[in-house]
Amino acid sequence: MIGILGGTFNPVHYGHLRAALEVKTIFDLAEVRLIPCATPPHRNQPEASALMRSQMLTLAVNNQPDLIVDTRELHRAGASYMVDTLRSLREDFPKQPLLLFIGTDAFNHLTHWHRWQHLFDYAHVVVMTRPGSVVQKIDAFFNARLVHDKQELAQINTGKLFFQAVTLLDISATAIRHMFAEKQNPGFLLPDAVIEYVQQNRLYQIR
Ligand code: ATP
């Protein structure tokens with residue numbers, strides 16, 4: 001099974017990295033692919049370019065061989081829709097379950113994603129706990145796909161919904177960007193190498 005964690009990663013932080021490592025173990029994944037969103041459809045283009053955000057990811061996962069930075073969205077024009085990314089991943093990995101990991105905050109907006117129902121044609125969706133967010137609604141579409149035993153995700157390649165607790169780390173990229181802008185020290189919220197990259201490139205200086 002392959003794990004997928006998409007995000008803006010603006011910048012990547014320990015909330016992302018710890019969750020990726022935990023689900024790798026919990027679901028016995030061959031790898032977790034961290035996929036920076038090149039052109040986010042639902043927000044303004046981040047100040048840090050897609051290339052810079054992927055470079056920060058590469059610095060962050062340096063010593064973790066099973067966390068892979070996947071830059072496929074950087075090579076695609078137009079808005080970066082996850083459904084297109086999953087279709088492309090499915091071509092690369094035709095014969096095994098794909099697990100798309102999203103935080104609770106992202107799940108609460110999932111029905112606004114482009115062709116969101118079709119995410120389940122290519123992958124399972126696993127919702128990870130995140131401080132400050134509770135699941136708002138599980139409608140009939142989601143209920144029909146919900147499973148309570150993670151073994152079921154290994155038995156079929158796509159189409160299921162699962163909720164997984166991970167260590168609750170109240171860390172967000174927004175708060176980190178604000179800390180940089182306010183000249184506060186964001187140490188221990190994200191890797192030192194990423195902090196150095198932000199400083200060298202003078203990112204996030206204006207709130
Ligand atoms: P921003 O503050 O800029 O919105 P973010 O910190 O939410 O950024 P994203 O890159 O947007 O980070 O998140 C990518 C994915 O990782 C989303 O599915 C999000 O829910 C999840 N995620 C981010 N931070 C955490 C965290 N601390 N714990 C669990 N999941 C997280």
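The values are calculated or read from the model by the stated rules, or taken from the named source; none is laboratory data. Because the structure is predicted, anything quoted here is derived from the model rather than measured. Cβ coordinates were reconstructed from backbone atoms using ideal geometry, including for glycine residues, and neighbour counts include every protein chain displayed. Accessible surface areas use protein heavy atoms only, side chains included; no ligands, DNA or RNA. Shrake-Rupley method; radii C 1.70, N 1.55, O 1.52, S 1.80 Å.
If the only charges are +1 at each Lys and Arg Cβ and -1 at each Asp and Glu Cβ, what is the size of the charge dipole of region 76-207 around the Cα centre, to the nearest 20 debye?
Dipole magnitude for region 76-207 comes out near 220 debye.
Considering only protein heavy atoms and a probe of 1.4 Å, how much of the accessible area of the chain is carbon and sulfur, as a whole percent?
49
Would you count, across the chain, every pair of lysines whose alpha carbons are under 19 angstrom apart, provided the pair is eight or more residues apart or spans two chains?
7
Keeping all protein chains in place and using 1.4 angstrom, which order do Lys95, Lys24, Lys183, Lys150 fall into by accessible surface area, from largest down?
Lys95, Lys183, Lys150, Lys24
Which of rounded, prolate or oblate describes region 2-171 when judged by the alpha-carbon gyration tensor and an a/c cut-off of 1.5?
Verdict is rounded for region 2-171.
How large is the accessible surface of Glu47 in square angstrom, using a 1.4 angstrom probe and rounding to the nearest 10?
110
Taking a ≥ b ≥ c as the square roots of the Cα gyration tensor eigenvalues, with a/c under 1.5 meaning rounded and otherwise prolate when a/b beats b/c, else oblate, which class fits region 61-106?
rounded
For the chain, report the accessible area per residue in Å² (1.4 Å probe, heavy atoms, rounded to an integer).
Normalised by residue count, the accessible surface of the chain is 50 Å².
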